[in-house]
Amino acid sequence: MEISTKNPAEAPPPTPEPSAAAQQRTARGATRPGDRIFLGLSRGSGILLLVIMAAIAVFLTYRASLAISKDHANFLTTFEWNTNLIPPKFGIAVLAFGTVVSSVIAMVIAVPIAVAIALFTTHYAPRKLRGPVSYVIDLLAAVPSIVYGLWGALILVPHMIGLFGWLNDFFGWTGIFSWDEGAPRSMLTVGILLAIMILPIITNVSREVFRQAPQMIEEAALALGATRWEVIRMAVIPFGRSGVISASMLGLGRALGETMAVATVLSPDFIIHASLLNPGGGTFAQNIASKFSEATPDGRDALIASGLVLFVITLLVNGAARLIIARRAEYSGANA
C-alpha cells in the first residue's frame, strides 16, 4: 500500500464554481434577442463597408483599364493631358508630384502646430481660456472647403507676395525657393492653405488623446520634482503618440483628397517645377474637378484612372499608419 507524501497544503486550490446567478446571466446574454439583433447589425455593417469598398475598387479599376488601353504612352510618367487626341495622351506624373508635395507641406506645417495647441489646451491654458480656444478650433473644422478656397484666393494669395520675396532673397539659391515674381498661386500657397484646413482635425483628435493620459502618472512625476514640460515629454507624449499618428493620418487623408480649395487657389499646368514658389503644378482632385464636366467619354475614363491612383495612395497611407500604430501601441500607455 502506497502512502502519499504530498503535503495537502501544496495542493492547488479548487476552482470556484460560478454562481447560479452568473450562469443565468451568461445564458440569458447569449440568447437575449436584443444582443442577437445588435450582433447581426454590427456584423452586417462591417460586411457592408467591405462590400462598398470592393465595389468602388472594381468600378475604378474597370473604367481605368478602358482608358489605359487606349493610351499607348506610359500612364505613370507622361507629362501631357490631352484626351482629345487620337490616341489620347494623359499621364499622372505631374498630378502625383503635386498631390504628394502639397500634402507633405501641409503636414510639416500643421502637425507641430496642432500638437502644440492640443498640449496648450490640455496642460497649460487657464480654464477660462481653454473653452474659447477649443471652440474656435471646432469652428475651423466646420468651415466648408469652398469658403477656404475663396479666402485663399482673395486674402491669402495677395499676402503671400512678401513671404515669397523674403524666401527668394535669402533661400533662392537653393532653387526650391526661387521666385520669378509671378502670381503666388503655387504649391507652397496650396500647402499653407491645406495646413490651415487640416489643423482642426489633428488638434481635436490629439487633444482628446492627451486628455486620456493617466492622471496618477502625471501627479507622481510632479511629486518627484519633474517640471510640467518633463511630465509632458516623459508621460503625456509617449502615451498619446499612437493617437497623434492617427490624427495626422486623418489630416493627411483630407489633404490628399481636397478639391475645391486647391482648384480655387492653384494656377495649374502640367510641368513639374523645381521651385515651390512659381505658379503651376496640379493635384489629382483639382484636375478631376476642373476637367470632369467638359470631358469626353475617354476623358472621363482617364480622370477615373487618375482617381484610382489617388484611391491606392490613400489606402497605402492608411495601411502604413496602421502598421506604425500597431508597432507603437506597446510602448504607449494606451493598453495599460
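Summary of values
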read-out: Filtered residues of the range 147-167 (kept if touching a Ser or Thr at 6+ places or on another chain (Cβ under 7 Å), among the aliphatic types (A, V, I, L, M) and touching a residue at least 40 places away in the same chain (Cβ under 8 Å)); value: Leu150, Ala153, Leu156, Val157
read-out: Sole residue being more than 20 Å from Leu60 (Cα to Cα) and not in a helix (DSSP H, G or I), chosen from Leu222, Leu277, Leu252; value: Leu277
read-out: First in the range 314-336 and more than 14 Å from Gly243 (Cα to Cα), second anywhere and modelled with pLDDT of 80 or more and outside any helix (DSSP H, G or I), Cβ under 9 Å, 6 or more apart; value: Ala336/Pro214
read-out: Criterion: under 30 Å from Val236 (Cβ atoms), at pLDDT 90 or above and either assigned to a helix (DSSP H, G or I) or not small (Gly, Ala, Ser) (or both) - qualifying residue of Ile217, Ile196; value: Ile196
read-out: The range 66-84 - residue that is touching a residue at least 12 places away in the same chain (Cβ under 8 Å) and polar (S, T, N, Q) and, of those, surrounded by the most Cβ atoms within 10 Å (Cβ to Cβ); value: Thr83
read-out: Positions within the range 158-193 being part of a loop (DSSP other than H, G, I, E, B), farther than 20 Å from Ala261 by Cβ and of a type outside the set (D, E, K, R), in sequence order; value: Gly175, Ile176, Phe177, Ser178, Trp179, Gly182
read-out: Residue pairs meeting the criteria (Cβ under 9 Å; at least 6 apart or on separate chains; first in contact (Cβ under 8 Å) with a residue 60 or more places away in the chain, in the range 129-143; second loosely packed, with under 11 Cβ neighbours inside 10 Å and among the hydroxyl-bearing types (Ser, Thr, Tyr)); value: none
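For every residue, the table says whether it meets (1) within 25 Å of Asn287 (Cα to Cα); (2) of a type in the set (Gly, Ala, Ser).
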| site | (1), (2) |
| --- | --- |
| Leu95 | yes, no |
| Gly98 | yes, yes |
| Ile109 | yes, no |
| Arg127 | no, no |
| Trp166 | no, no |
| Trp173 | no, no |
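The values are calculated or read from the model by the stated rules, or taken from the named source; none is laboratory data. None of these values were measured; they are calculated from a predicted model. Reconstructed Cβ throughout: ideal geometry from the backbone, glycine too, with neighbour counts over all protein chains shown.
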